[in-house]
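The values are calculated or read from the model by the stated rules, or taken from the named source; none is laboratory data. Please read all numbers here as calculations on a predicted model, not as lab measurements. Because the Cβ atoms are built from the backbone with ideal geometry, glycine has one as well, and the counts that use them run over all protein chains shown.
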Amino acid sequence: MSLQNTIIKLQEFWSQNGCYIASGYDTEVGAGTMTPDTFFKVLGKKHWEVAFWQPSRRPDDGRYAKNPNRVQKHNQFQVILKPAPDNGQSLFLKSLNHLGIDIRSHDIKFDEDNWASPSIGAWGVGWQVMCDGLEITQFTYFQQAGGIELNPNSLEITYGLERLAMFLDKRNNIYNLKWGHNVSYSELRTEEEKQFSIYNFEVANIDFLRNIFDQYKNEAERLIESNLYLPAYDYVLKCSHTFNILDARKAISTAERTTLIKTMRDLSYNIAKKYINGAEKKNG
Amino acid sequence: MVDFLFELGVEEVPASEIKNIVFQLKDNFQTKLAETLVKFKSIEISATNRRFVIYISEISEKADDKEEQILGPSKKISIDENGQPTIALKKFMEFNNVILSDIVEIETKKGLYLCIHKVTEGPKAYDILCNIIPEILGKLTFSKTMLWNESRVSFIRPIRNILCLLNNQLIELEFAGIKSSKFINGHTTLSESLIEISSFKDYIEQLNKNFVIVKEKERDEKIINEITEVEYDLDVDVKIDDEMLNYYIYNNEYPVVFTGNFNKKYLELPSEIISTFMIKEKKLLPVYDKNNNLLNTFVGVSNIPDENHFVSNGNEKVIQATFEDAKFFWDNDLKDNFINLRENLKKVKFQNDLGTFFDKTERLNYLIELLVKETNNNHMYENIKQASCLCKNDLVTRMVREFPSLQGIMGGLYLKEMDSEEDLWKSVYGHYEPKGYTDKKLDHIGAGILSIADKIDNIAGFVSKGIKVSSSKDPYGIRRDANAIIKVIIDFKMNFDLFKLIKLAAEKFTENAGDQKKLVSQLQKLFLSRIENIFRDLLNFRYDVVNSIINSHDILFAYKSFLKAKDVSKIVETDSINLLITLHKRLKNIIKGFNTFFISENLLMGDEEKILFEIYKESKTEITELILSDNYIQACSKIIEMKPVIDNYFEKVLIMAEDNKIKENRIALLQKLYELLSKITDFSLIIESN
């Protein structure tokens, strides 16, 4: 199955199961978790069921297009179910069936993996789902976002699209994937991976990046003061991506890392508070 | 009599937590059933990552009746002069709902009282279980908890199902928003619908049919047998440690061992890297040939039978991609000059405001001087000194950032790759080991020295920041580090005084003499209690032997103390031990309360006295030397040889002579003997054998 069909199948499945099919977010994010459709919507009481395809950037994972399954930009399929349903696990297994995976002849394991995203004050408890040793999905019960304890808790299911497609299409190498029709993954992505690996690891201008990190931060602070928490959050995302490039460039010391993460976390905390206040006002 | 069956169905609980939960469940059930007077024959608990099962056989249908005596008023105020009950007694009867014939007299310390014997009928086991199960579940503690539903109950993972049967009767209860039922879930993927259960026998049968081997022991045996089969078939060694075995046992309800291969070109990477990536990243086991060379084969455990080799093939693909990552990290790290990375340590903080890792390496550099000298390893001085400067450099490499468990090892490998001398790279390679007393012995003494320095620096630093160790908590691994130090000292037969090292390490964390003294004394106490604990609980020396040795003044010569404990343990098994104990106690009693006196030879009066003194002088040198060379058994024989002369002395000589000078001189001689004997150990603390 092509990557394109994998996306379509997942959209189909989750749409049939009550999700609104959103578009991915248009600012660089490290994971679907960081999108406003996740970060904001898991806060507060309102029910929310969404599914969307989200390209995600991990500058540090770049391998100059040489690693068979690691890339600096990969594609996630993000599902948020709020409140977390009692049958989340079996729904997920059904989605694998829908993709054409015979779950009875593959070793599907829920392996402890609690993620935390300190820069947006979010963490969850859950698993990485392994299929014959390949990590295909993160399955997580969201506990906190923006430093706020969540009630109700959401279930977050994040499929790794390349991994899934490789599995479904029996490919050993990500670059042998078909994207759709006559377009191959390699054709679409090889040059991009090469150039971005060189940029992220070797060429990125450290002073420039430090500088814009500060400017993004200042802008976020200013917007928070004006109660414009949505654009403020965009600037936190920009900070986060800038931080990730600096990190790939090995420009961040351990001590500095703590400080920068705290900067982003504090911004996220304030943004989450503003959002909650706003949401409460709206609901009277 | 009925049987009780309970299953808590959960979403996958981390394997590492399961034993702890099983322990708590068993403990809490036993305590609660004892408290509520419910009798039963046996309690069995088993668990997988998806279910905790409690089976109690032959549980009584109701709790024992409770008999109690309720004390009423004294007889004096209960019966009036006409022999009629007073108001006090009437109230007592009314309150307890009894009649006069229920009242009996009882003799107490305070005189004659009235009382009743009340028998309360025991409640039904059904009702008791209804109450205690939610209570027990609510009291479980976990290292990390989560919330998942409206009940807002926090638990380790979501609870999805509760089966609760007394024989075939459903016990109705609710916990975390889940109502008990007669149904269970089977295997995650191999069993689809809920399964109805009618009895324990049925439960086991149904699980078997649905690919769940519920007993740990059976899964354990299945895994081990299948691994042994692989070893036999391929003529190889598969290395599995307890952590991985535990992981496989609990993470699979239907474990099936499989094997696979990978491209040989990855074997060019250091084997430490390959095995770490296999184990930590992919939970696969490395396979070795009979000469301990790593092979391009792996072993894993699947949760389903792998008839089509899908699992094996899938893992083959995955492991190659993982090795590509390993190669990427290794190649990239090698591009940096490893020696120069030390500068980067100036930006990496060590814990709890204890400076940077650069500062730490400077302290290590200082500490190893003493250790190298005291352990007579001057020939390695330059290499160990350099190792102490470079040993933390790998913390800023890509590989260690991804796999912290490779710290030290990577530093060693990078140095080896640069053709460093063996004493240098091996010292760095092993210096995080051992991690406690029960780890295996280090194979290079340089690593041992650096390990001691690294650990005493951790301990002194943390203790100086006020971090305390309690019986249940040791978040900074202070106790573990201290145990490891003692282990290295004993393994490498290092004969030096830990006290000196403690003082030196404490210097760097204190600003004035007062603070330093305090820290040194804290550390001294810590090591004393560690030595005591290791000797008693890990080396199984008799507790009285350990008590007596702990009181020696040179206890912090840990290796010496170890040899002493070994010898004294042998001596206590011989007939002479009682002689030594008696002698020690007798001397101790006599000299108790006296100041220390000097012997003057011209005050020695009779032959008995003179002979004893002569023999003492002769033996003293000999015994002292035996003690110095750690030959405590012979030292004791020497004492035993003196025994007739000492006995004769006690028999013939009046110690408490009228002449004060003579008395003090005699005391002085006994003090000398006591001192000599005490140099071996405090025999008075050893229990006499029958």
Requested in this report: Run B:SER199 past the list (1) touching a strand residue (DSSP E or B) at 6+ places or on another chain (Cβ under 7 Å); (2) closer than 19 Å to B:ILE45 by Cβ and report the number of the one that doesn't hold.
Outcome: (1)
Report summary line: Over the stretch B:183-199, the set of residues away from chain A (no Cβ under 14 Å) and under 21 Å from B:ILE21 (Cβ atoms) is B:ILE184
**Report entry** Close pairs (6 angstrom Cβ cut-off, 6 or more residues apart or separate chains): at negative phi in the stretch B:392-421, assigned to a helix (DSSP H, G or I) and surrounded by fewer than 18 Cβ atoms within 10 Å (Cβ to Cβ) anywhere
**Finding:** B:ASN393/B:ARG342; B:ARG398/B:ASN332; B:ILE409/B:GLU272
Requested in this report: Could you tell me which of the residues B:PHE509, B:PHE535, B:PHE496 is hydrophobic (A, V, I, L, M, F, W, C), outside any loop (DSSP other than H, G, I, E, B) and in contact with a helix residue (DSSP H, G or I) (Cβ under 9 Å, 6 or more places away or on another chain)?
Outcome: B:PHE535
Query raised in the report: Restricted to the stretch B:286-316, and to residues that are touching a Gly at 6+ places or on another chain (Cβ under 8 Å), without any contact (Cβ under 8 Å) to a residue 60 or more places away in the chain and in a strand (DSSP E or B), which residue is nearest to the other protein chains (Cβ to nearest Cβ)?
Result: B:GLY300
Query raised in the report: Of all residues in the stretch A:1-56, which are under 18 Å from A:CYS239 (Cβ atoms) and hydrophobic (A, V, I, L, M, F, W, C)?
Result: A:VAL29, A:ALA31, A:MET34, A:PHE39, A:PHE40
Requested in this report: Run A:TRP115 past the list (1) under 30 Å from A:LYS274 (Cα atoms); (2) aromatic (Phe, Trp, Tyr); (3) within 12 Å of chain B (Cβ to nearest Cβ) and report the number of the one that doesn't hold.
Outcome: (3)
Report task. Hey, can you tell me all the residues within the stretch B:594-650 that are hydroxyl-bearing (Ser, Thr, Tyr) and in a helix (DSSP H, G or I)? Result -> B:TYR616, B:SER619, B:THR621, B:THR624, B:TYR632, B:SER637, B:TYR649
Report task. Would you be able to say whether some residue in the stretch B:464-474 is in a helix (DSSP H, G or I), surrounded by fewer than 24 Cβ atoms within 10 Å (Cβ to Cβ) and out of contact with any strand residue (DSSP E or B) (no Cβ under 7 Å at 6 or more places or on another chain)? Result -> yes
Query raised in the report: Looking only at strands (runs of 3 or more DSSP E) that fall completely inside the stretch B:157-275, which ones have 1 or more residues that are touching a residue at least 60 places away in the same chain (Cβ under 8 Å) and among the aliphatic types (A, V, I, L, M)?
Result: B:159-166
**Report entry** Whichever residue in the stretch A:34-66 is more than 14 Å from chain B (Cβ to nearest Cβ) and of a type in the set (Lys, Arg) and, among such residues, is farthest from A:ASN270 (Cα to Cα)
**Finding:** A:ARG57
Report summary line: Checked the stretch B:333-378 for anything touching a helix residue (DSSP H, G or I) at 6+ places or on another chain (Cβ under 7 Å), more than 11 Å from chain A (Cβ to nearest Cβ), more than 16 Å from B:ALA460 (Cβ to Cβ) and part of a loop (DSSP other than H, G, I, E, B); matches are B:THR375, B:ASN377
Query raised in the report: Just checking, how many residues over the stretch A:163-174 are within 12 Å of chain B (Cβ to nearest Cβ) and surrounded by 23 or more Cβ atoms within 10 Å (Cβ to Cβ)?
Result: 3
**Report entry** Subset of the stretch A:67-84 [more than 9 Å from chain B (Cβ to nearest Cβ) and closer than 30 Å to B:ARG398 by Cβ]
**Finding:** A:VAL71, A:GLN72, A:LYS73, A:HIS74, A:ASN75, A:GLN76, A:PHE77, A:GLN78
Query raised in the report: Quick one: A:ILE157 ticks every box in (1) within 22 Å of the chain's Cα centre (by Cα); (2) at pLDDT 95 or above; (3) not in a strand (DSSP E or B) bar one, so which box is it?
Result: (3)
Requested in this report: Would you check if A:PRO36 is assigned by TED's automatic domain parsing to the domain that holds A:LEU188 and surrounded by 20 or more Cβ atoms within 10 Å (Cβ to Cβ)?
Outcome: no
Query raised in the report: Is there any pair with a first residue in the stretch A:85-106 that is more than 9 Å from every other protein chain (Cβ to nearest Cβ) and a second that is among the hydroxyl-bearing types (Ser, Thr, Tyr) whose Cβ atoms are under 7 Å apart and which are 6 or more apart or on different chains, and what are they?
Result: A:LEU99/A:THR6
Report summary line: In the stretch B:175-196, anything surrounded by 17 or more Cβ atoms within 10 Å (Cβ to Cβ), among the hydrophobic types (A, V, I, L, M, F, W, C) and touching a Leu at 6+ places or on another chain (Cβ under 6 Å) is listed as B:PHE175, B:ILE184
Query raised in the report: Limited to the stretch A:54-108, what total is found for residues that are more than 18 Å from A:PHE139 (Cβ to Cβ) and hydrophobic (A, V, I, L, M, F, W, C)?
Result: 2
Query raised in the report: From B:TYR429, B:TYR414, which residue is modelled with pLDDT of 95 or more, of a type in the set (Phe, Trp, Tyr) and more than 22 Å from B:ARG363 (Cβ to Cβ)?
Result: B:TYR414
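Would you check which residues across the stretch B:657-687 are assigned to a helix (DSSP H, G or I) and aliphatic (A, V, I, L, M) and list them?
B:ILE662, B:ILE667, B:ALA668, B:LEU669, B:LEU670, B:LEU673, B:LEU676, B:LEU677, B:ILE680, B:LEU685
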Requested in this report: Mind listing whichever residues of the stretch A:116-133 are touching a residue at least 40 places away in the same chain (Cβ under 8 Å) and not small (Gly, Ala, Ser)?
Outcome: A:PRO118, A:ILE120
Query raised in the report: Of these, A:LEU209, A:LEU168, which one is at pLDDT below 95, among the hydrophobic types (A, V, I, L, M, F, W, C) and out of contact with any Asp or Glu (no Cβ under 7 Å at 6 or more places or on another chain)?
Result: A:LEU168
Report summary line: Restricted to the stretch B:134-170 and to residues being under 20 Å from B:SER198 (Cβ atoms) and out of contact with any Phe, Trp or Tyr (no Cβ under 6 Å at 6 or more places or on another chain), the residue nearest to the other protein chains (Cβ to nearest Cβ) is B:ASN161
Query raised in the report: In the stretch A:125-148, how many residues are assigned to a strand (DSSP E or B) and at the interface with another protein chain (Cβ under 8 Å from one of its Cβ atoms)?
Result: 6
Query - Of residues in the stretch B:3-20 being surrounded by 18 or more Cβ atoms within 10 Å (Cβ to Cβ) and more than 14 Å from chain A (Cβ to nearest Cβ), the one farthest from B:SER143 (Cα to Cα) - result: B:ASP3
